[in-house]
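S.K.: I have a structure I would like to understand better, so I am pasting it below and will then ask my questions one at a time.
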Amino acid sequence: MNKKTSATSNLTRRASLAAIAASTFALVAFAAPVASFAEDKSIKVGIMSGEDEDVWRVVTAEAAKKGLTIETVVFNDYTQPNEALERGEVDANAFQHKPYLDNQVSQHGYHIVPVGYTAVWPIGLYSKKHKAISEIADGATIGVPNDPSNEGRALRVLQNEGLIKLKDGTGILATVTDITENPKNVEIKELDAGVVGRAIDDLDAAVVNTDWALKAGLSASDRIAQEPVADNPYRNFIAVKQGSENEAWVKTLVSSYQNDTVKAEFDKVYKGTGVSAY
């Protein structure tokens, strides 16, 4: 082989190698987004029907920007989201506070843990018949939610306003059996949390969770008392199955809720009756 042919052959081989390298680089560069796409995650989050659906539409949009796809599963009963989470029918839920979860864990043995706060809705005493606590007459009928944590919370509102007194040392899960003093002989009517607000016309007053008060058409002008907001133990949170709390998608989910864009939608939807709690 002469020198000219050898040089030409070497040049051809170098060109071929360069072409292969360029092709390999192009394939790697094109394939890079696929690796990122493979890291994306789709989850189901259990929420309550109503205003929270509007808030979670914004959360879902924020999560999508970070590669997390959220499908919301809407419930109408407080007892359903934890059961669904425990069974693996949803990956997370967002509807409850710690006293409620603690009671559910105690009763059902759920393996569920909180991972990020969302908001707090100070529970209030509402009335269509009275403008002040002092107007509540002897023998009045007052409705309260009948689930354990919210009933105890409601009874504490009544105690703070001097309508009843609870037994010393009573915890946050107080019930009507813990009432030791009832100076106005008020009748405490225990109703489902979603019903008590809608029954307001048949009651002298009712202690109603703020989200249910909105659903029942009640407003701040109907509220004659409210629990304190400061140091409130009833902050709601996002919860997941125990063992999932350190997974990357959980941090993404929480950050997709805890931001100014979601807060603005929350404030718009809840009209100041709820307060962001993170």
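The values are calculated or read from the model by the stated rules, or taken from the named source; none is laboratory data. Predicted, not measured: the structure shown is a model, and the values here were computed from it. Note: ideal-geometry Cβ built from the backbone for every residue, glycine included; neighbour counts use all protein chains shown. The area values use the complete protein model at the heavy-atom level, side chains included, leaving out ligands, DNA and RNA. Shrake-Rupley method; radii C 1.70, N 1.55, O 1.52, S 1.80 Å.
S.K.: Mind checking which helices in the chain clear 27 Å along their axis (Cα) and have mean Kyte-Doolittle hydropathy of 0.5 or more, DSSP H runs only?
M.R.: 3-38
S.K.: ³J(HN,Hα) across the stretch 122-129 via Karplus (A = 6.51, B = -1.76, C = 1.60, θ = phi - 60°), whole Hz, x for Gly/Pro?
M.R.: x, 6, x, 9, 10, 8, 9, 10
S.K.: I've got another one for you. Could you give each residue of the stretch 181-187 its phi-based ³J(HN,Hα) in whole Hz, using Karplus coefficients 6.51, -1.76, 1.60 with θ = phi - 60°, and x for Gly or Pro?
M.R.: 9, 8, x, 9, 6, 5, 8
S.K.: Which residue fluctuates the most in the chain, going by a Gaussian network model with Cα springs under 10 Å, if the choices are 69, 210, 170?
M.R.: Of the options given, 170 has the highest mean-square fluctuation.
S.K.: Also, quick follow-up: Can you tally the net charge around residue 170? Count Lys and Arg as +1, Asp and Glu as -1, for every other residue whose Cβ sits under 11 Å from the Cβ of residue 170.
M.R.: Around residue 170, the charge tally is +1.
S.K.: Kirkwood hydrodynamic radius, the chain, all distinct C-alpha pairs: what's the number in Å?
M.R.: The answer is 21.7 Å.
S.K.: Counting only heavy atoms of protein chains, what accessible area per residue, in Å², does the chain have with a probe of 1.4 Å?
M.R.: 51 Å²
S.K.: Here is a further query. Which cross-chain or sequence-distant (5 or more) residues have an amide H under 5 Å from the amide H of residue 226, H modelled 1.01 Å from N in plane?
M.R.: So residue 226 has HN proximity to 125.
S.K.: Which residue fluctuates most in the GNM of the chain (Cα springs below 10 Å): 137, 92, 154?
M.R.: Highest fluctuation of the listed residues: 137.
S.K.: Within a Cβ distance under 9 Å of residue 142, other residues only, what is the Lys/Arg minus Asp/Glu net charge?
M.R.: -1
S.K.: Continuing with the same structure: Take the chain, connect every pair of alpha-carbon atoms lying under 10 Å apart with a spring to form a Gaussian network, then pick out the residue of 246, 259, 82 with the largest mean-square fluctuation.
M.R.: 246
S.K.: May I pose another question? Apply the Karplus curve 6.51 cos²θ - 1.76 cosθ + 1.60, θ = phi - 60°, to the phi angles in the stretch 215-226 and return the couplings in whole Hz, x for Gly and Pro.
M.R.: Per-residue couplings from phi come out as 5, 8, x, 7, 10, 4, 5, 8, 8, 10, 6, 8 Hz.
S.K.: I would also like to ask the following. What's the FRET efficiency of residue 247 with residue 275 using the Cβ-Cβ distance as r and R₀ = 22 Å, to the nearest 0.05?
M.R.: Taking R0 as 22 Å, the efficiency between residue 247 and residue 275 is 0.15.
S.K.: Right, another one. So what is the relative contact order for the stretch 124-226, in percent, with contacts set as C-alpha pairs under 8 Å and at least six apart?
M.R.: After rounding, I find 46 percent.
S.K.: State the answer as a single residue: which of 117, 130, 196 lies farthest towards the positive end of the charge dipole of the stretch 84-198, with beta carbon charges of +1 for Lys and Arg and -1 for Asp and Glu, about the Cα centre.
M.R.: Going by the charge dipole, the pick is 130.
S.K.: Going 7 Å from the Cα of residue 255 along its beta-carbon direction, which residues of the stretch 114-141 have the amide nitrogen within less than 15 Å of the resulting point?
M.R.: 116
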